[in-house]
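All remarks here apply to the structure that follows.
The values are calculated or read from the model by the stated rules, or taken from the named source; none is laboratory data. Note that the structure is predicted; figures quoted are calculated from it, not measured. Positions of Cβ are generated from backbone atoms using ideal geometry, with glycine treated the same way; all protein chains shown enter the neighbour counts.
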Amino acid sequence: MKILFTASECVPFCKTGGLADVVGSLAPALAEQGHDVRVILPKYSMIPAEYEHKMVHTVDFEVALGWRRQYCGIEQLERGGVTYYFLDNRYYFGRDYIYGVGGDEHERFAFFCRGVLNALPLIPFTPDIIHAHDWQTGMIPALLRIQYAGLPRYDSIRTVFTIHNLQYQGIFGIKDVQDMLGLSNAVFTDDKLEYFGNVNFLKAGIVYANEVTTVSPSYAEEIQTAYYGERLDGLLRARHNHLSGILNGLDVREFDPATDKRIKATYTVNDLSGKAENKRALQEELGLQVRPDVPIVALIGRLNSQKGLDLVDYVIADIMREDIQLVCLGLGESRYVNLFSWAEQNYPGRVSANFVMDNNLAHRIYAGADIFLMPSAFEPCGLSQMIALRYGTVPVVRETGGLRDTVLSYNEYSGEGNGFSFFNYNAHDMLHVLQRALHFYRERQDIWKVLQHRGMTADYSWLHSSRIYLDLYKKLLPLHLGEGKPAANAPKAETTEKPAPKARKPAAKPKAEKAPVAVAEEAPKPKRTRAKAGAVKAEDKPAKAPRARKAAPKAEKPEE
């Protein structure tokens, strides 16, 4: 099977969050199973020189954006059984940031989406599946169905779109995007690209992709409610038959305490003596009191409200009344920088605040800490709690998204569990569960070692999840490629569209836009979903079934 990943970041080349880890780990996992997997991403200026020097120029061409024609080069690199393509344009990507401050994000990623599709005949590579990730690539499924339908090299391609975080959607003015991509007024309706008077790149991917996934089963359920749905819950409920949650995995070779060269001493589940040595080394490095008996509680990640740090802010004094040491690592909002700076000054030798992105230090904290605190308001998947489990650091988390799917709270009666959790988004609930974890650490080391053993021996690799993705891909392909019966939605998808005339020759550049193409899948009848406790039930109503012959669901508008 030929699979093309399109993403805005990928380790080890560029990273701002978990998206890069997923793309950088899932692609090699699929390649190891014998598939032709390739990844295309922008060529940013901050890509390390060691990789840039290995790139080989493959082809260059021009991309039409409105009245302009912009240079686009393709650089190629082979690594770990995966072919990586880097889409080069110094005006858009030769900057000292990946996202955000130039005011032309719509233009940068419209160029990227158009450039990816125009590059396929020239690389040359015709994938069976294009797997697009997050809003920056959301226009790829849309353009493929609206403007490239009928071209022989594109007609057989099926698309999967993955939502990594529904909060980030790529919302821009209609006129700006229309001018860039040459789209007609007919596609800017509320059942296609329009979103409350704007254009939404993430919505484009949800509407036009053959299948939509997100990064954990629980998050897939949550985003269909008004509380978590970010004003797209109605659309997601309407597409629930083509929406699935597949839990992310870890690069288990990168995160392995038995072989990790970044930590002071390696250790295994059968010999945890090295963990005690890592704890002592961490205390010395961060200026904490060197005490083997005191538990270290760690926080690693972005410093913002999504991570539940407002709960920590509310009860920080109560937390520090416990005999613990607190270690924080990350960058983010000034409110939380000030919070942990204040705590470091007021509890000398007990709090260490580190406002940097330091991967090596993160490994040493995972290895040296005893408890990992992650009280997120929402968490699509989360990798930090899985890394903590793998290093024998017991997590305390809130039951949401991927945290709920990976951390089971210890049950004293059944003996089940691998950590501690709380459900309500409440500071004192968090404090109580943290105190419960501290009780087991101090009074029941026998149970604590069982929790460590369960965390370190669980399988967090991509092996299981990658097979689920492969099953999803095969469902979309014809019988001779999918090695099984094709999904009902795959062959029927084209029947809802107005047939496009066949091109005489494959073309590198798309034809002028035809009449707008309807969404491939016939909209399924929505089912009622039961909101979890804590969701806003007043707005959590299933979307109305669309009228007959209309292909795309309408996004639910919130009540005023």
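Observations on the structure shown:
- Answer from VAL207, VAL215, VAL187 - the residue that is in contact (Cβ under 8 Å) with a residue 40 or more places away in the chain, out of contact with any Phe, Trp or Tyr (no Cβ under 9 Å at 6 or more places or on another chain), closer than 30 Å to LEU463 by Cβ and of a type in the set (A, V, I, L, M): VAL215
- THR213 at pLDDT 95 or above, under 30 Å from LEU470 (Cβ atoms) and assigned to a strand (DSSP E or B): yes
- Restricting segment 16-49 to residues that are in a helix (DSSP H, G or I) and of a type in the set (Gly, Ala, Ser), the residue that is farthest from PRO124 (Cα to Cα): GLY18
- Inter-residue pairs, beta-carbon under 7 Å, first assigned by TED's automatic domain parsing to the domain that holds LYS475 and in segment 229-243, second among the basic types (Lys, Arg) and crowded, with 21+ Cβ neighbours inside 10 Å, 6+ apart: LEU232/LYS203; LEU235/LYS203
- Every pair of residues 6+ apart whose Cβ atoms lie under 9 Å, when the first sits in segment 315-326 and is buried (at least 19 other Cβ atoms within 10 Å of the Cβ) while the second is part of a loop (DSSP other than H, G, I, E, B) and basic (Lys, Arg): ILE324/ARG350; GLN325/ARG291; GLN325/ARG350; LEU326/ARG350
- Hey, LEU144 farther than 30 Å from ALA49 by Cα, surrounded by fewer than 24 Cβ atoms within 10 Å (Cβ to Cβ), touching a residue at least 40 places away in the same chain (Cβ under 8 Å) and not aromatic (Phe, Trp, Tyr) or not: no
- Sole exception among (1) in contact (Cβ under 8 Å) with a residue 60 or more places away in the chain; (2) within 27 Å of the chain's Cα centre (by Cα) for VAL356, by number: (1)
- The criterion of at least 1 residues that are within 25 Å of GLU254 (Cβ to Cβ) and of a type in the set (Gly, Ala, Ser) is met, among strands (runs of 3 or more DSSP E) falling completely within segment 278-392, by 296-300, 351-354.
- Residue within segment 55-69 that is surrounded by fewer than 15 Cβ atoms within 10 Å (Cβ to Cβ) and of a type in the set (A, V, I, L, M) present: yes
- Within segment 250-265, one or more residues are surrounded by fewer than 22 Cβ atoms within 10 Å (Cβ to Cβ), within 19 Å of the chain's Cα centre (by Cα) and of a type outside the set (A, V, I, L, M, F, W, C).
- Residue that is closer than 30 Å to LYS175 by Cβ, aliphatic (A, V, I, L, M) and without any contact (Cβ under 8 Å) to a residue 60 or more places away in the chain, where the choices are LEU87, LEU77: LEU87
- Unmet requirement for GLY368, which otherwise passes all of (1) in contact with a strand residue (DSSP E or B) (Cβ under 7 Å, 6 or more places away or on another chain); (2) more than 24 Å from ASN165 (Cβ to Cβ); (3) without any contact (Cβ under 8 Å) to a residue 40 or more places away in the chain; (4) not hydroxyl-bearing (Ser, Thr, Tyr): (3)
- Residue check, ILE123 within 23 Å of PHE201 (Cβ to Cβ), surrounded by fewer than 20 Cβ atoms within 10 Å (Cβ to Cβ) and among the β-branched types (Val, Ile, Thr): no
- For beta carbons closer than 7 Å, sequence separation of 6+ or different chains, a first residue in segment 97-125 that is of a type in the set (S, T, N, Q) and a second that is not in a helix (DSSP H, G or I), the qualifying pairs are ASN118/PHE61; ASN118/VAL63; ASN118/ALA508; ASN118/LYS509.
- Residues within segment 327-383 that are touching a Leu at 6+ places or on another chain (Cβ under 6 Å), surrounded by 22 or more Cβ atoms within 10 Å (Cβ to Cβ) and small (Gly, Ala, Ser), tallied: 4
- Qualifying residue in segment 221-234 (condition: in a helix (DSSP H, G or I) and aromatic (Phe, Trp, Tyr)): no
- Any hit, segment 186-200, residues being in a helix (DSSP H, G or I) and crowded, with 19+ Cβ neighbours inside 10 Å: yes
- The residues in segment 393-428 that are surrounded by fewer than 16 Cβ atoms within 10 Å (Cβ to Cβ) and either among the hydrophobic types (A, V, I, L, M, F, W, C) or not in a loop (DSSP other than H, G, I, E, B) (or both) can be counted, and the count is 3.
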